[in-house]
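Peer 1: Structure provided below as structure tokens; questions to follow.
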Amino acid sequence: NYFITLEMKFLLVLFLIQNLFSQQSNEKSLTENTVNFNDLIKHEEIFYLKQKDNSYTGSVVVLDSLNKIILKGQMIDGKTSGMWTHYFPSGEIHAIFTVKNDKLNGNFKQYYPSSILHKEGSFIDGEMDGIWKLYNLNSQLLFSIKYDIGKVVY
């Protein structure tokens, strides 16, 4: 439970660091319907495009200092929602997860840099739920833990 919680904290810190310190994006590298996270402002827990009055709905990317995408996903009515993908600096997928109203909801998968599945499970309202599995680099199941909305069952 602690290991997964630490991973989620890492993703949240990543968002904050990118918001505060990353360079402006090369807008030509983004599609018309995608905005850089740095082009959004947060007011009362809702994200807006700078200079706009409506909450933001659409695709979002977080870029590193070299303008590589490290996180991409969707926002609906100014809140993170839908499928999100976190990338290693190499461009390989690090994690895929689902968010609804700014909380982890649904399937979660995390990979080793070699694209081998590391762990998988699901969330309900930000809490681990169901069976979570952890694998080694040989794709062998190391162990599994069953959760009931954040509480370890076995």
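The values are calculated or read from the model by the stated rules, or taken from the named source; none is laboratory data. If you're wondering where the values come from, they're calculated on a predicted model, not measured in any experiment. Virtual Cβ from ideal backbone geometry, glycine too; neighbours counted across all protein chains shown. Side chains are part of the model used for accessible areas, which takes the heavy atoms of the whole protein and leaves out ligands, DNA and RNA. Shrake-Rupley method; radii C 1.70, N 1.55, O 1.52, S 1.80 Å.
Peer 1: Provide the net charge surrounding Lys100, with neighbours chosen by a C-beta distance below 10 Å and charges set as Lys +1, Arg +1, Asp -1, Glu -1.
Peer 2: Around Lys100, the surrounding residues sum to 0.
Peer 1: Accessible area per residue for segment 63-112 in Å², computed with a 1.4 Å probe and the full protein assembly in place, what is it?
Peer 2: For segment 63-112, the per-residue accessible area is 48 Å².
Peer 1: Between Ile46 and residues 5 or more places away or on another chain, which pairs have amide H atoms under 5 Å apart, with H built 1.01 Å from N, and which residues are they?
Peer 2: Here the answer is none, since no amide H 5 or more places off falls under 5 Å of that of Ile46.
Peer 1: Could you go through segment 128-142 in sequence order and give the Karplus-derived ³J(HN,Hα) for each residue, using 6.51 cos²θ - 1.76 cosθ + 1.60 with θ = phi - 60°, rounded to whole Hz, and x for Gly and Pro?
Peer 2: Ordered by residue, 3J(HN,Hα) equals 5, 8, x, 8, 9, 10, 10, 10, 8, 5, 9, 6, 8, 5, 7 Hz.
Peer 1: Amide H of Ile131 versus every other amide H placed in the peptide plane: which residues, excluding those fewer than 5 positions away on the same chain, fall under 5 Å?
Peer 2: Close amide H contacts, sequence-distant or interchain: Tyr147.
Peer 1: Report the net charge of residues surrounding Tyr48, where surrounding means a beta-carbon distance below 13 angstrom and charges are Lys +1, Arg +1, Asp -1, Glu -1.
Peer 2: Summing Lys and Arg as +1 and Asp and Glu as -1 gives -1.
Peer 1: Just add up the charged neighbours of Lys79: K/R +1, D/E -1, any other residue whose Cβ is under 10 Å from the Cβ of Lys79.
Peer 2: Once all neighbours under 10 Å are counted, the net charge is -1.
Peer 1: Tell me, what ³J(HN,Hα) does each residue in segment 104-109 have, in order and in whole Hz, if you take phi through Karplus 6.51 cos²θ - 1.76 cosθ + 1.60 with θ = phi - 60° and put x for Gly and Pro?
Peer 2: Once rounded to whole Hz, the list reads 5, 8, x, 5, 9, 9.
Peer 1: In sequence order, what are the phi-derived ³J(HN,Hα) couplings for segment 51-60 according to the Karplus relation 6.51 cos²θ - 1.76 cosθ + 1.60 with θ = phi - 60°, rounded to whole Hz, with x for glycine and proline?
Peer 2: 6, 10, 8, 8, 4, 7, 10, x, 7, 9
Peer 1: On the accessible surface of segment 54-151, probed at 1.4 Å, how many percent belong to carbon and sulfur atoms?
Peer 2: On the way: 2670 of 4970 Å².
On segment 54-151, the fraction of accessible area on carbon and sulfur atoms equals 54 percent.
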